[in-house]
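The structure appears right after this line, and notes come after that.
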Amino acid sequence: GTVAWKTGGRELLVDRDSFLVLNHGEPYSMHIDSRQPVTTLCVFFEPGFVESVCGSVAQPGLEPATAPATFLLRLRMADAHILPRMRAIADAQLADRLWIDQQFLGLAGDLAMLQAETARRVRLMAARRAATREELFRRVRRGQEFLNGAAGSDIDLASMAREACLSLYHFHRSFTQ
C-alpha cells in the first residue's frame, strides 16, 4: 500500500518501492487511507549511530563525524541496497538476534554511502558557493518528490518548477544536470 508522510510542510507518498529518510528530531506524521491492510517499517537509530558508521566507512585518516548527519535526500525510489535490506528485516519473523543486528549495521552503512553519494551530487550542481549548491539540490529534489508524489497525474514542468521555487529555465537546467 501507500502511506502519506507529512514533514516539512508537505506530503510525501511512500510505497513498497520507495523509502523516506528523516533527520533526527524532524517532526513528521503519517496517514494511511486504505481499505486493504498496509504494512510499514520504520527504523529509528540512536543519535550518533549512523554518524559512527559513516566514520567507520570513511577514508583512513579522516576524523569521524561529530555533528549529526543531515540527510538532504528525502524520498528515494527503487533503491537496490536499502529497500531489499529493509524488506528482509520486515520479513524476519524469528530471526537470530545477531543477524538482525548485522542488518541494522548494514542499513546504517548503506545510509552512510547514500549520504556520500548525495554529497557528491551536490558538489556537481552548477553554483559557486557550497550553500547555494546545497539549496539548489534541495529544491530540485523537492520538484522530483512532487513528481513522484503525483504519479498518475498530469504534471507539467512548470508545476514542478513552481513546487521547487525555481524559474522554469533554472529548474529544467538543474534537473537535467
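The values are calculated or read from the model by the stated rules, or taken from the named source; none is laboratory data. The shown structure was predicted, so the numbers you read here are calculated from the model rather than taken from an experiment. No Cβ is skipped: glycine too gets one built from the backbone with ideal geometry, and neighbour counts run over all protein chains shown. The accessibility values were calculated without ligands, DNA or RNA, using every heavy atom of the protein model including side chains. Shrake-Rupley method; radii C 1.70, N 1.55, O 1.52, S 1.80 Å.
Some values worked out for this structure:
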quantity: Mean Cβ count within 10 Å, highest first, over the residues of peptides 107-116, 79-88, 123-132; calculated: 107-116, 79-88, 123-132
quantity: Mean separation of Cα contacts under 8 Å, 6 or more apart, over the residue count of the chain: relative contact order %; calculated: 19 percent
quantity: About the Cα centre, charge dipole magnitude for the range 100-166 (Lys/Arg +1, Asp/Glu -1 at Cβ), debye; calculated: 520 debye
quantity: Value of D in µm² per second that Stokes-Einstein yields for the chain, Kirkwood Rh from Cα pairs, at 4 °C (1.567 mPa s); calculated: 72 µm²/s
quantity: Magnitude of the charge dipole, the chain, Cβ model with Lys/Arg +1 and Asp/Glu -1, debye to 20; calculated: 680 debye
quantity: Over the chain: helical MRE at 222 nm, DSSP H runs n ≥ 4 each giving -39500 (n - 2.57), nearest 500; calculated: -15000 deg cm²/dmol
quantity: Most positive-pole-ward Cα, 20, 43, 140, against dipole of the chain from beta carbon charges; calculated: 140
quantity: Under 14 Å, Cβ to Cβ, from residue 79 - net charge with Lys/Arg +1 and Asp/Glu -1; calculated: +1
quantity: Accessible surface of the chain [probe 1.4 Å, protein heavy atoms]: carbon and sulfur percent; calculated: 53 percent
quantity: Descending Cα extents along the principal axes, the range 85-177, whole Å; calculated: 53, 35, 16
